[in-house]
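Contents: one structure, followed by commentary.
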Amino acid sequence: MTQNTLNIVRLADLKPTPWKNGGGITRDIAAARDGAGLLWRLSMADVDRDGDFSSFAGLTRVLTVIEGSGMILHGPSGGVAADFAAPVTFEGGAAVRAELTQGPIRDFNLMFDTARYDGSAVRVAGGPLDLGGAGQIAVLHLITGGATIGAHAMAPGDTAICEGSALNATLAEDACALAITLAPRP
């Protein structure tokens with residue numbers, strides 16, 4: 001992407017691909033790389049059974065359950081609940097095993113190079129949203145309800161990525177979304 005761009009990635013346009021460890025299916029939304037490797041990545045994964053996570057050493061992972069009840073992430077520090085629309089952050093190289101709590105789920109994944117980027121993901125609800133700014137990447141992933149960015153309507157599962165300027169959106173009263181920012185470290 002170039003500076004000052006808005007791209008809306010539609011759920012219907014995403015192609016399923018096997019996980020790095022072969023244990024499931026992911027849908028890549030967007031990623032940025034340079035000569036040193038992955039800078040950041042956005043994806044969705046379908047999880048229908050308990051299992052180990054792929055290792056992504058050197059990356060921070062922020063996982064958010066966007067469909068289904070949730071799961072328990074068992075890692076070096078014990079178990080952490082990954083509930084619906086509640087982002088959970090962990091080190092990408094950690095040995096983590098997922099245990100589903102009540103059947104299959106879909107999760108949204110943000111991964112970023114911890115040495116080169118700061119990143120965050122928070123749950124937001126209906127109303128106006130101003131996200132990110134100059135020099136940052138702002139991402140809005142719509143979980144439920146509707147949203148608009150200027151003349152562009154978003155449906156559940158769609159992801160808006162704005163690079164280089166603020167992302168200004170209006171979320172429907174019943175909307176639930178993830179607001180993500182990525183900023184290069186000095």
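Each Lys or Arg adds one and each Asp or Glu subtracts one; over the other residues with Cβ under 12 Å from the Cβ of THR101, this totals -3.
Shape class of the stretch 63-170 from the Cα gyration tensor (axes a ≥ b ≥ c, square roots of the eigenvalues): oblate, since a/c reaches 1.5 or more and a/b does not exceed b/c. Global size of the chain: 15.8, 46 Å for Rg and Dmax (C-alpha atoms, Rg to one decimal, Dmax whole). Return the percentage of antiparallel bridges among DSSP beta bridges fully within the chain, rounded to the nearest 5 %. The antiparallel proportion sits near 100 percent. Rounded if a/c is under 1.5, else prolate if a/b is larger than b/c, else oblate: which is the stretch 1-102, with a ≥ b ≥ c the root eigenvalues of its Cα gyration tensor? Prolate, because a/c is 1.5 or more and a/b exceeds b/c. The peptide list 139-145, 65-71, put in order of mean Cβ contacts within 10 Å with the highest first, becomes 139-145, 65-71. For a modelled paramagnetic label at ARG97, 7 Å from Cα along Cα-to-Cβ, the residues of the stretch 60-83 in reach, with backbone nitrogen under 15 Å, are 72-80.
Straightening the chain between ASP48 and ALA134 buys 27.0 nm, computed as 0.36 nm per residue apart minus the Cα-Cα spacing.
The charge dipole of the stretch 24-170, taken about its Cα centre with unit charges on the Cβ of Lys, Arg, Asp and Glu (plus for the first two, minus for the last two), comes to roughly 80 debye.
Where a number appears in this text, it was derived from the coordinates with a stated rule and is not lab data. What you are looking at is a predicted structure, and each value in this text was computed from that prediction instead of being measured. With ideal geometry, Cβ positions are generated from the backbone for all residues, glycine too; neighbour counts draw on all protein chains shown.
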